[in-house]
Structure formats: C-alpha cells, structure tokens
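Structure first, then comments.
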Ligand code: NZQ
Ligand code: ZN
C-alpha cells in the first residue's frame, strides 16, 4: 500500500427532508448567493424547500448555469458576487452547478486579472469563498470532493481545477430529489459513478486489500440498484443507496494508498468539449478501448474484478479479464448508453489526432497509473473507440 494522507472536511447531511437543515449550517450574518441550473429545481419543489430554509437570510439568486458549466456564464455570476459583496455561496444542483460554484469560490478570492488562468495554469486553490451544496443529481461526487471541471465554449476547452480550499463546508443529500430526474440523467449518474470507481481501481495490485473491497462493494451496489432506480426513482431505499454510492465513489477515500488512472476521464472530457456529448457517455465510449489497449498492464485487476464483481469463474486470467471488459460494456448498454463515438456523431474523423495534439500542446505526455500513456497511444485508443 502506498503512503498517504487523508482529510475530507465536508459535512454530509443525509436523509429524507433534510434540506431544511441548511439554515443551521450557514453563518447568520452571511450574504448568500444561491446558484442553480436551468430550472429543474423550480418544477420539482427543491427551489421552494431551499427558499423556505433560507427565509431568515439575506439571499440573492443566480440561475441558468448550464450542464458543463460555462465560463462566460460563471463570469456573470462572479460580477454579482463582487458587486453585491456576497460572502457565502450555496449550490443547488448536480455536478455542473456545484463545479461552477467551486470555480466562483476560487475566482472570488483570486488575485489575477483572468480567472481562466486558474484552469490553464493549474493554480491550486488553497482558500476559497465558503460554500455549501444541496445535491439534486447523484453522479459526480462533487458534493464531497475538492475538484471541478469548467467548460469554455469559445475555445472548445474543458479543464479541471481543485485544491484543499474547494471542499464544500456541507452538502445536503436527500434521496427524494431523485424522483424527478429523467432516465437519461439517472443512467448518466450510474455510469459516471461506476467509472469513477474503475479509474481508481483498474490499475495493478498493490496490496491494498481494504481499498479494493471498498471499490468492489460500490460497484456491486451500483449494479444491484441500477435497474431499480431506473424503473422507479421514487423508491427510497434504492435511491438512497444510489446516492451514497455516487458520493463514496469520488470523495477521496477509495483512492488513498493506491495508484489511479484517470486517463479515461482525460480523453472523455475532450469528447464533451468537441461534441457536447454528456460526460458519463464519453467515459462509456473510451473505457472499452482503453482497457483493451492496456490489457497487459491491467489484466490482473480486470480478472479480480471479473471474479469478485461479475462472478466470472471460468477460464484463465486473460479470459476473465476480457470477460470483465465485455460485462462492463454490456452493463452500460443495459442503461441505454451507447459505447461507440460513431453512435453520437457522424463527424468523428480526425478526433483522435485532435485530442492527441491537444495533449501534446498541454504537455500531457504520460497519463495513466504508469505515466506512460503518450499522446500517440491516446490517438490509437480514441481511434479504437470510433
Ligand atoms: O439545469 P437543470 O434544469 O437543473 O437540469 C439538470 C441538467 O439538465 C438536470 N437535473 C439535475 N437534477 C435534477 C435534474 N432534473 C430533474 N430533477 C433533478 N433532481 O440534469 C441535467 C444534468 O445536470 P449536471 O449537473 O450537468 O449533471 P452531472 O451531475 O452529471 O454533472 C456533470 C458535470 O460534472 C463534471 C462533468 O464533467 C460535467 O461537467 N464532473 C465533475 C466531477 C467532480 N467535480 O468531481 C467529476 C466528474 O468526473 C465530472 O467530470
Ligand atoms: Zn466522471
């Protein structure tokens, strides 16, 4: 097991009818900016619950943060924060609203002229404006981690940022919010969380027995609840297990002491930047070819995953490892997620070369758990995903 430090300061408030508790978490004298997305919260009652909980506070609102939070929109919100002397941010939404709020938390205290530099210059945020979240869509784990991914339409870029200053102070997880989520977004959430576990598990054995079992148990839970949540998102037990699995998949715990990959996300983010494909779907496109291309390096963990998660008992290590890739692809397809780029766009020629070039330009010359996934290899993997 590798040496590690672990600190996660986010307070989780989990369960039925817990949105009202936010009034106990925000300082009384705060001037709050409540941030949300395209308006789903106004249809499903979450907006009213949050407003009721904030009735004793000085609150302004900023709605309209789009899926794949857009820099230009966030810059308008930053102006409100500065003009109105906001002191506390409250994100009410999924990964996009929470990530957008993290960007604002950082940008509000940023010294430079152009906050986009936080992303391009990889500036770590040590201290941000304090914020909390009300999660409306289980998927990203953003509600309990310190990372964010921001999109800039103007340059077709999607870049990550983070730092210890960007953990939410608290996050409210009421599984009842799942009832109104469309099937497509539920499938995305399951696929994203599943992929997060795979990125932190599908590397090579390092004697981290507990981390492996944590990861496998999250995968097994997601496989068990996925059909139930899709069939009936109002059923509380499945909703609760789905929600907590997504948070646990990316709150930092399972990656401690183990090697991690994250190359699938790096390639997937480019597909969203270029074609606007939903984040989770880009991962389902990339992962089969990534695992086939890196088969030798990953086959021991692939075989372990085949045995423990999919109950594959037949064959040797190679057979089991291959079965694992097929089972995973079939699982995503069972959620009506297509796993080839050509199923999303007819315009895919040249994509692999473009992504490879972008990685070279950014100096991303060695991704993956062995830091040996060169832009040339990335090009081959993306081509295999056409
Ligand atoms: O905008 P509204 O109207 O609210 O609708 C949203 C949006 O259209 C809707 N929705 C959310 N909660 C709902 C609901 N509809 C009905 N009922 C509800 N309760 O769902 C749509 C998608 O929302 P979004 O926030 O974009 O989805 P998700 O949570 O999947 O977030 C995706 C973003 O997170 C980033 C992705 O790259 C992408 O930009 N990620 C963030 C990570 C992190 N911070 O750790 C890690 C991930 O790997 C990922 O990269
Ligand atoms: Zn993801």
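The values are calculated or read from the model by the stated rules, or taken from the named source; none is laboratory data. None of these values were measured; they are calculated from a predicted model. Here the Cβ positions follow ideal geometry from the backbone for every residue, glycine too, while neighbour counts run over all protein chains shown.
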inquiry  = Can you tell me which residue is surrounded by the most Cβ atoms within 10 Å (Cβ to Cβ) among those in the stretch 290-328 that are out of contact with any strand residue (DSSP E or B) (no Cβ under 9 Å at 6 or more places or on another chain) and in a loop (DSSP other than H, G, I, E, B)?
reply    = 312
task = Can you tell me which residue among 239, 273, 280 is assigned to a helix (DSSP H, G or I) and within 13 Å of ligand 2 (Cβ to nearest atom)?
result = 280
Residue, nearest to ligand 2 (Cβ to nearest atom), within the stretch 247-270, restricted to residues that are assigned to a loop (DSSP other than H, G, I, E, B) and under 23 Å from residue 135 (Cα atoms) = 250
note = Counting only residues that are crowded, with 22+ Cβ neighbours inside 10 Å, within 24 Å of residue 85 (Cβ to Cβ) and either near ligand 1 (Cβ under 9 Å from one of its atoms) or touching a residue at least 40 places away in the same chain (Cβ under 8 Å) (or both), the stretch 121-149 contains a total of 5
request  = From 198, 186, 166, grab the single residue that is surrounded by 20 or more Cβ atoms within 10 Å (Cβ to Cβ) and not assigned by TED's automatic domain parsing to the domain that holds residue 256.
outcome  = 166
note = Considering residues that are part of a helix (DSSP H, G or I) and touching a strand residue (DSSP E or B) at 6+ places or on another chain (Cβ under 9 Å), the number found within the stretch 74-95 is 6
request  = Give just the number: which of (1) more than 17 Å from residue 201 (Cα to Cα); (2) surrounded by 17 or more Cβ atoms within 10 Å (Cβ to Cβ) does residue 287 not satisfy?
outcome  = (1)
key: Among the candidates 331, 359, residue that is outside the structural domain of residue 122 (by TED's automatic domain parsing) and in contact with a strand residue (DSSP E or B) (Cβ under 9 Å, 6 or more places away or on another chain)   = 359
Matching residues, the stretch 355-375, being in contact (Cβ under 8 Å) with a residue 60 or more places away in the chain and surrounded by 14 or more Cβ atoms within 10 Å (Cβ to Cβ) = 355, 358, 359, 364, 367, 368, 369, 373
key: Subset of the stretch 160-183 (residues that are over 20 Å from residue 25 (Cβ atoms) and more than 10 Å from ligand 1 (Cβ to nearest atom))   = 163, 183
